[in-house]
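Trainee: What follows is a structure written as structure tokens; I'll ask about it next.
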2 protein chains.
Amino acid sequence: MSPDSPSLVVGDDDLETTVRSRDAGATRQLLLTAGRRRFAQDGYSSTKVRDIASDAGVNVALINRYFGSKEGLFEACLATARDELGRTDDATTSLDNLVEKTTRQISGPPNGERTLMLLLLLRSSGDEGADRIRRNTLRSFAEQMSVAAGWAPESARSDDLMLRAQVALSTMLGIALLRASSTGLEPLTSAGAGDLEGPLSDVIRALLEPPPGRGA
Amino acid sequence: MSPDSPSLVVGDDDLETTVRSRDAGATRQLLLTAGRRRFAQDGYSSTKVRDIASDAGVNVALINRYFGSKEGLFEACLATARDELGRTDDATTSLDNLVEKTTRQISGPPNGERTLMLLLLLRSSGDEGADRIRRNTLRSFAEQMSVAAGWAPESARSDDLMLRAQVALSTMLGIALLRASSTGLEPLTSAGAGDLEGPLSDVIRALLEPPPGRGA
DNA sequence: TTTGTAAGTCAGCACTTGTTTACATCGACC
DNA sequence: GGTCGATGTAAACAAGTGCTGACTTACAAA
């Protein structure tokens, strides 16, 4: 019947059981997903292209075909993270909402989608282009947080407030990193959303208290 | 910092390979210092043994002679960081004191001694022994913070308090990481102790408010 | 001086790793 | 059928990269 191409059967977690014989787009996507996880978990230089290809169930050479180089794949992964994190899904204009979203972003499995995005922003490849993407994404993300905390967009760019937002971001990143770390620091690593919401709420509120000129 | 090692002409462009004083202890120390900086800045797998040796002005093979392997040198560096951070210099029993110490630890050049120690704790080599050192050091450091915040040592080990201390630690680590990152995220990267003390104080106080049952 | 030993040097092996090159295969269109 | 471009595969290349073992040198005891 179906001339199964056995070497192309890939994902245990992916469901494209259909004979994806020759689909450039799908192959690119597989490499992006696998690369994102590897880069986020192991860092850039620890990640081997053969591992990524193996995870994706794809030949190694295709990384170079579709992304030019390991660097190229990394930048592409970073771009997907940027698009993902840059998406201001809805009007998050309350501190409660920000706290809830942040908690959800952090808690969750260390290799979950959201955590991977954050970790990716901490992984450097030494490339200037990739660094620029990371910097812009981080800056924009912190800016979003200050705005979401209820600050007016214009006032949300003052140096003091940006610093505070970036400290809040540091907390998120630090937690994500420690949780994903191989140290297994307890109770942080195993803490669930319920455990983290209290401390996180305290931190965010202490840093980004509601706008001074407004409600309060 | 260390009493200048006599007849060890290393620092500059090593041209005179003739005058290599034969002091095993000094050589070990040179390798530890160079290794600590490289590992902390670039991560484990990005760091090449030849670079460390070059920084130290020492032959590559001596890494293997004195530390067995690259891994061995990394573990030794980690141990020095543990000893450094584990040193409870004085009775730090006030929140003010903790905030001041934390601020001093964080602010300072990204390649300063103190920051390097923190960054080292985040660098994984994949080795189990190194991971255990990192975990114990991190745990002990967080514990110290909760005690320094004024909690009684016995109550300082409750899960909830430990979690809060570890979140505070996450903030420190996240800031250190972002500051040392090649992204150059502003204003965080260039923020001085004066700028950071306010936000940091807010975070630490929000997380580790003075003991409830005691004084106050 | 001779000799023993610790400290340091040197060349290169065995292996990894990103990349490239040459070839095979599929799908479509004439 | 036959050609051809897109897709995928396998092998190999070139530049590292950690590590080793034989060798040399400084220092000091005998």
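Trainee: Name the one entry in B:L98, B:L78, B:L116, B:L122 that is hydrophobic (A, V, I, L, M, F, W, C) and open to solvent by 20 Å² or more (accessible area, probe 1.4 Å).
Mentor: B:L122
Trainee: Please tell me if A:R50 is more than 14 Å from chain B (Cβ to nearest Cβ), at pLDDT 90 or above and within 11 Å of DNA strand C (Cβ to nearest atom).
Mentor: yes
Trainee: What residue, of A:E186, A:E209, is out of contact with any strand residue (DSSP E or B) (no Cβ under 8 Å at 6 or more places or on another chain), outside any helix (DSSP H, G or I), surrounded by fewer than 23 Cβ atoms within 10 Å (Cβ to Cβ) and at pLDDT below 90?
Mentor: A:E209
Trainee: Does segment A:153-186 hold any residues that are closer than 13 Å to B:A168 by Cα and without any contact (Cβ under 8 Å) to a residue 24 or more places away in the chain, and which are they?
Mentor: Once the filter is applied, which keeps residues that are closer than 13 Å to B:A168 by Cα and without any contact (Cβ under 8 Å) to a residue 24 or more places away in the chain, segment A:153-186 yields A:S170, A:G174, A:L178.
Trainee: Got at least one residue in segment A:141-150 being more than 10 Å from chain B (Cβ to nearest Cβ) and assigned to a loop (DSSP other than H, G, I, E, B)?
Mentor: Looking for residues that are more than 10 Å from chain B (Cβ to nearest Cβ) and assigned to a loop (DSSP other than H, G, I, E, B), one finds at least one in segment A:141-150, hence yes.
Trainee: Does A:R135 fit the bill of being assigned by TED's automatic domain parsing to the domain that holds A:S182, of a type outside the set (A, V, I, L, M, F, W, C), modelled with pLDDT of 85 or more and buried (at least 21 other Cβ atoms within 10 Å of the Cβ)?
Mentor: Here the answer is no, as A:R135 does not meet what is asked.
Trainee: Next up: Are any residues in segment A:51-72 assigned to a helix (DSSP H, G or I) and farther than 19 Å from A:D23 by Cα, and if so, which ones?
Mentor: Within segment A:51-72, A:D51, A:K70, A:E71, A:G72 qualify.
Trainee: Only residues that are within 10 Å of chain A (Cβ to nearest Cβ) and farther than 13 Å from B:T80 by Cβ: list them for segment B:119-129, please.
Mentor: Passing the criteria: B:L122, B:R123, B:S124, B:S125, B:G126, B:D127, B:E128.
Trainee: Based on what the data block shows, is B:S124 in contact with a Phe, Trp or Tyr (Cβ under 9 Å, 6 or more places away or on another chain), over 19 Å from A:A206 (Cβ atoms) and modelled with pLDDT of 90 or more?
Mentor: For B:S124, the condition - in contact with a Phe, Trp or Tyr (Cβ under 9 Å, 6 or more places away or on another chain), over 19 Å from A:A206 (Cβ atoms) and modelled with pLDDT of 90 or more - is met.
Trainee: If you don't mind, another one. Return the residues of segment B:103-117 that are more than 10 Å from every other protein chain (Cβ to nearest Cβ) and among the hydrophobic types (A, V, I, L, M, F, W, C); say none if nothing qualifies.
Mentor: Hits for segment B:103-117 are B:L116, B:M117.
Trainee: For segment B:20-50, name all the residues that are within 12 Å of DNA strand D (Cβ to nearest atom), open to solvent by 50 Å² or more (accessible area, probe 1.4 Å) and in contact with a helix residue (DSSP H, G or I) (Cβ under 6 Å, 6 or more places away or on another chain).
Mentor: B:R38
Trainee: Being farther than 24 Å from A:R104 by Cα, more than 16 Å from DNA strand D (Cβ to nearest atom) and assigned to a helix (DSSP H, G or I) narrows it down to one of A:E75, A:E84, so name that one.
Mentor: Exactly one residue qualifies, and that residue is A:E75.
The values are calculated or read from the model by the stated rules, or taken from the named source; none is laboratory data. Not measured: the values here are computed from a predicted model. Reconstructed Cβ throughout: ideal geometry from the backbone, glycine too, with neighbour counts over all protein chains shown. These area figures cover heavy atoms from the full protein model, side chains too; ligands, DNA and RNA do not enter into them. Shrake-Rupley method; radii C 1.70, N 1.55, O 1.52, S 1.80 Å.
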